[in-house]
Every structure is written in C-alpha cells, then in structure tokens.
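**Student:** This is the structure I have questions about; it appears just below.
Since every read-out is calculated from the coordinates, none of them should be taken as a lab result. These figures come from a predicted structure and were not determined experimentally. Here Cβ is always computed from backbone atoms with ideal geometry, including for glycine, and neighbour counts include all displayed protein chains.
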Amino acid sequence: MNRLMIVAGTAIALAPASALASTSADEVRAIVAEMMADAETRSSLLQSGGSAGYDGGFVITDNADFSLKINGLIQQRYTAFIQDDDNTVDDYEAGFSIPRAKLIFTGHATDPNLTYRIQGEFSNQDGNANGTFNLEEAYVGYTWDNGWALYGGQVRLPVLWEDVVSEGGSLAADISVFASVFQPGFSQGAWLQYGGEDVRGWLAFTDGAFSGNTDFFVPGGGIGDADYSFTSRVEFKLAGNDWSQFNTMSSAPGSDFGAKLGVAGHYQDGPDNDVPGNTEVEFFTYSVDLMLKGDGWNAFAAFAGRHIDAQTVGLPAAGEVDDFGFVVQGGVFIPETDWELFARYDAIFADEDYANDSDFNTLTLGTNWYISGQNARFTFDVQYFFDATADSDPVNNALAGGLAQNVSLIPTVDDGAVALRAQFQLMF
C-alpha cells in the first residue's frame, strides 16, 4: 500500500503545473483510491525464466489484461588477489566492485498466458562501458495449459545449469572458472519449452553462442555469427516435489530431498563465405549435470566438453580443438544456525594443439550467512588457483573475452594465486 502511495505521489509531483491546476483534490484522491483498490486484488507473479527465482519484488499492477513486476539484484564485493611476486605483474590487487546490479521486468499482456521478460545489467567493465545498462534477456512467450510454451527473443543458452542459476543462486560468491570458460552466453532466436511433472525440455533455433545484442549480420564472422544454431536441454526430476527447489544451488534446513539430472547440447556452423579475413566456425558444446538437495545439504556435479573448428579465410588451416572440464561442489548448514559451509573443485583440460595446453584447476572454500535466504546473504570464500593462466589458452581466451571477469581471476604467470572474497547480496 505504502509503495503505491509513493508511486502515486511521485507521479503527481512530476505532473505539469497546468495539469495539476485542472485536477481537483477529489480527483486526486480518486486516483489514489483506484490504485489502492487494485493493490487489494493483485497477486505475485512467478519467475518465468530459467534463472534463480526472486522472492518478493514490486508489483506495479496485476490483472487479467496486464501485469508488471519489478525485481532486482545487487551484489557488492571486496576482493583481494594475491600471487607470487614477479617483475612483470603486481603480486597484490585488492578493492571493491559491484559484480552485478540488475533490473528485471516480468508480467503478462492481454492474456495471462502471454508473458514477457526484460532483464538488464549495469556494466562493471572498465573504460567507456562503465555503468552502461546492457540488455541481457528480452523475450515474449505463450504458454498452453498442457505444459508447452513457445518463446522468442534473447535469452541465456541453458547449456550449463551453474551458469543459468548464477545470478543469485550460486553456492559460492560466483560461478566457477569451469562455467566461465564453457558458458555459451546469450543468443537471439525462438525456442520451444515443455514442463511436465518429472520431465522438462528446451529446444531452440538461434543465432549461435555469444550473439546477444547483435544484428542478423556480424561483419567478420566468428562464433557469434552462425548460419544456423540449435540448442537443447532435457532435465529429469528423479526425486522432489517441485522444479522450483532446483532454482538455487543451496538447500535450506527442513527442505525435502530432491534430485535432478540434466543433459544439454549446442551445435552451430557458419558463416560459410570466402571473404579474406573472415572466420568460419563450427562449434559444438555439451554438458551433463546432477543436482542433489536435502535437509540442509546440497551436492552438484557437472561435466562439459566442446569442439571448436575455426578457420580464417586466406590463412593456413588452424586445426581443431577439443576441451573438457568438470566441477563438483557441496554445502551443508551448521546445525541450528543460518551459516552454510561449502567447497568446490573445478578443472579444465585443454586440447594439446593449443600453444599453451596446460590444465587449469581451482579449489574454492567458503561460507554463506543467510540473513533472509537468498534475498539477503553474506558470502566469504577463498579460491586457490593451482595453475597459471598463461599456461592455459582456454582460460586466457575467457579472460580476454571478459567471460571470467566476475570469477575474481586475473592473468597470472605463476602457479598458486589466491583470491579472497567477501560479498553481500540483496535480491528483491
């Protein structure tokens, strides 16, 4: 009620003076009364996307013809990165950052089954993009009563489940290095979804990996300019009451046992052209993951691989590479407390055809303090990087492309770097 009063007051305060002059006090009270009456009948909207669910939020309006709900996420982090002293690098980097500041708009229009979602993030990149509001997801979909739904727009490709729930549902302060290397990013296209009691699936025809916020033609080609691209994910609920219990990696005390198996794949090819300097890419990535959740404990494991065949027109053949990786993690609540202990280990195995083909391993240990579930929590963790990024081209490429910016990893030339992180998260 109070929030609607504030909105109404703000709208009146921003109105032109001429309009206020022609509006009587009774008319103003009538407007406010109408908004308050609408608040009595509004109901909460469910998160329509695949990412971690948001409890609460600000419902602007909700009726049979139109609804709008606003959610958000803010993460504030302090990071201390320590590596061996070397003449070419600084052995200590520390400071504050805002890894994520998101706004999410969801609802339906004209028909409760016709839903939409718009999600954007304020960039924390250095340089000219600092603070820019970037579009992440924007789509419209129609859901039938039999569990099928058809969507179109821009979305995060759901190959890695860890990547899908990373916004606010990650167990650690952020996703693993493994997920940052193998994630396919955002793409534009159309997709068909099915949600059954024990099986759900996702099949998409899109512009390909890393094609978010691009036109249908991308000069120079590359992995973000596919002639055709298909992505599929199928999940099996082996145990549990509801799919929503898998929206986050953690599992609070008192939760029922749940188990979910997921299998996903993505294939794209093109562009096929003869323009000198353009890059033709055939790209295939796949994953399998298993999530277990119980009464105050959780476990998750995933394996992924990818095949990349990138040829630049006019240059000698560069060959093909196959990379593999995995992540295993688990957490448990300390009895009778709001504190959770967790551990995570992930590894990346580079193809031997890379110039720098060493494996890359990371161990993460930490704790979460849940002040109000996922909506308000502190995370404290430490990451130990067994290997140098300079020795692993897959990790180097992820860093160069900005994919690993939020995992608190910076380029290293020596083994044994450490990242200490303290983060507060607010979801609304």
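**Student:** Note down the net charge around Lys260, summing +1 for each Lys or Arg and -1 for each Asp or Glu among other residues with Cβ under 12 Å from its Cβ.
**Tutor:** Counting the neighbours of Lys260, the net charge comes to 0.
**Student:** Simple spin-label model, 7 Å along Cα-to-Cβ: Trp144 to Glu197 in nm?
**Tutor:** Taking the two extended label points, one gets 2.0 nm.
**Student:** Could I ask something else about it? List the aspartates and glutamates whose Cα sits under 13 Å from the Cα of Lys102, skipping any in the same chain fewer than 8 residues away.
**Tutor:** Glu121, Glu136, Glu137, Glu167
**Student:** Among the lysines, which have Cα under 17 Å from the Cα of Lys293 when same-chain residues fewer than 8 positions away are ignored?
**Tutor:** Qualifying lysines at Cα under 17 Å: Lys237, Lys260.
**Student:** Count charges around Tyr370 for me, please; just the other residues with Cβ under 10 Å from its Cβ, Lys/Arg as +1, Asp/Glu as -1.
**Tutor:** Charge balance near Tyr370 sits at -1.
**Student:** Hey, with R₀ at 35 Å, roughly what FRET efficiency would Phe428 and Asp90 work out to, going by the Cβ-Cβ distance, to 0.05?
**Tutor:** Approximately 0.45, to the nearest 0.05.
**Student:** What does the charge count around Leu150 come to, taking other residues whose C-beta lies under 15 Å from its C-beta (Lys +1, Arg +1, Asp -1, Glu -1)?
**Tutor:** Spelling it out: positives minus negatives among the neighbours equals 0.
**Student:** Okay, next question. Between Asp338 and Gln76, how many nm apart are label points set 7 Å from Cα along the C-beta direction?
**Tutor:** A separation of 1.7 nm, rounded to one decimal place.
**Student:** Express in nm, to one decimal, how much length is gained between Ala259 and Asp353 on full extension, taking 0.36 nm for each residue of separation and deducting their alpha carbon distance.
**Tutor:** This chain segment gains 30.1 nm when fully extended.
**Student:** As an exercise, identify the chymotrypsin sites (Phe, Trp or Tyr not before Pro) in region 166-242 lying in DSSP coil whose Cβ has no more than 13 other Cβ atoms within 10 Å.
**Tutor:** For chymotrypsin sites (Phe, Trp or Tyr not before Pro) across region 166-242 that sit outside H, G, I, E and B with at most 13 neighbouring Cβ atoms in 10 Å, the list reads Phe216, Phe217.
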